[in-house]
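Read through the structure below, which is laid out as structure tokens, and then see the notes.
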Amino acid sequence: MGLIQEFKNFAVKGNMVDIAVGVIIGAAFQKVIDVLVKQVMMPPLTLLTDGVNFANKQLILREAYTKTDGSEVEQVAIGYGELITVFIDFFIISLVVFTIVKLMNSLRAKSEDEKNPTVETPKNIQLLAKMNELLEEQNRILTKNNSK
């Protein structure tokens, strides 16, 4: 019975919903990133590299050949080109995520600035700012009284 109650608490408190929303947004964000990398960033990079397709680059260790009995022996190769492509994708994705996080942090900082008249400051930030002012005033009064 405790396990069912614990699950109900987990689901009701919103943890499960938060996780589901995060997974859904993450999947949608992955699609955006895929298009951004493959359709926006890679074509200019391909143009700069004179049409070289990194995914096809490989180091051949043994060529494919046909044995005397007619059976085929497959080629053995190290596909380093795909690794290069994945690193380029990773770099572009990291750059995009960094830019988005930086933008979100600057928007958050702007919204939490109690002195910024263009953005309505959230109530909790207003209360903390007021508490800070009151503490500073109290410290000034205490310092003034102690110096007498």
Per-region count, the stretch 74-89, residues exposed (fewer than 13 other Cβ atoms within 10 Å of the Cβ) and at pLDDT below 85 = 1
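Test of understanding: among Lys130, Lys102, Lys110, Lys115, which residue is assigned to a helix (DSSP H, G or I), exposed (fewer than 11 other Cβ atoms within 10 Å of the Cβ) and of a type in the set (D, E, K, R)?
Details: Lys130 fails: exposed (fewer than 11 other Cβ atoms within 10 Å of the Cβ); Lys110 fails: exposed (fewer than 11 other Cβ atoms within 10 Å of the Cβ); Lys115 fails: assigned to a helix (DSSP H, G or I).
Going through Lys130, Lys102, Lys110, Lys115 in turn, the sole match is Lys102.
Does Val37 satisfy being under 16 Å from the mean Cα position of the chain (by Cα) and open to solvent by less than 50 Å² (accessible area, probe 1.4 Å)? If you could, list the steps in order and put the result at the bottom.
Numbers: under 16 Å from the mean Cα position of the chain (by Cα): yes; open to solvent by less than 50 Å² (accessible area, probe 1.4 Å): yes.
So Val37 passes the test.
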task = Keeping to the stretch 35-68, report how many residues are under 13 Å from Thr85 (Cα atoms) and hydrophobic (A, V, I, L, M, F, W, C).
result = 7
inquiry  = Tally up the residues in the stretch 13-29 that are open to solvent by 50 Å² or more (accessible area, probe 1.4 Å) and under 17 Å from Val97 (Cβ atoms), please.
reply    = 5
message = What's the total number of residues in the stretch 96-148 that are hydroxyl-bearing (Ser, Thr, Tyr), within 27 Å of Phe29 (Cα to Cα) and modelled with pLDDT of 80 or more?
response = 2
query = How do the pairs read when you match residues in the stretch 11-37 that are over 28 Å from Ile92 (Cβ atoms) with residues anywhere that are open to solvent by 70 Å² or more (accessible area, probe 1.4 Å), using Cβ under 8 Å and keeping only pairs 6 or more apart or on different chains?
reply = Ala11/Val17; Met16/Phe10
key: Verdict on Phe10 being at pLDDT below 75, open to solvent by less than 100 Å² (accessible area, probe 1.4 Å), farther than 19 Å from Glu82 by Cβ and in a helix (DSSP H, G or I)   = yes
note = Residue pairs within 8 Å by beta carbon, gap of at least six or interchain, first lying in the stretch 40-69 and farther than 20 Å from Val96 by Cβ and open to solvent by 60 Å² or more (accessible area, probe 1.4 Å), second of a type in the set (A, V, I, L, M) and in a loop (DSSP other than H, G, I, E, B), listed first then second, are none
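The values are calculated or read from the model by the stated rules, or taken from the named source; none is laboratory data. Only a predicted model underlies this, so the values are computations on that prediction, with no experimental measurement involved. Glycine gets a Cβ as well: all are built from the backbone with ideal geometry, and neighbour counts include every protein chain shown. With ligands, DNA and RNA removed, areas are computed over all heavy atoms of the protein, side chains included. Shrake-Rupley method; radii C 1.70, N 1.55, O 1.52, S 1.80 Å.
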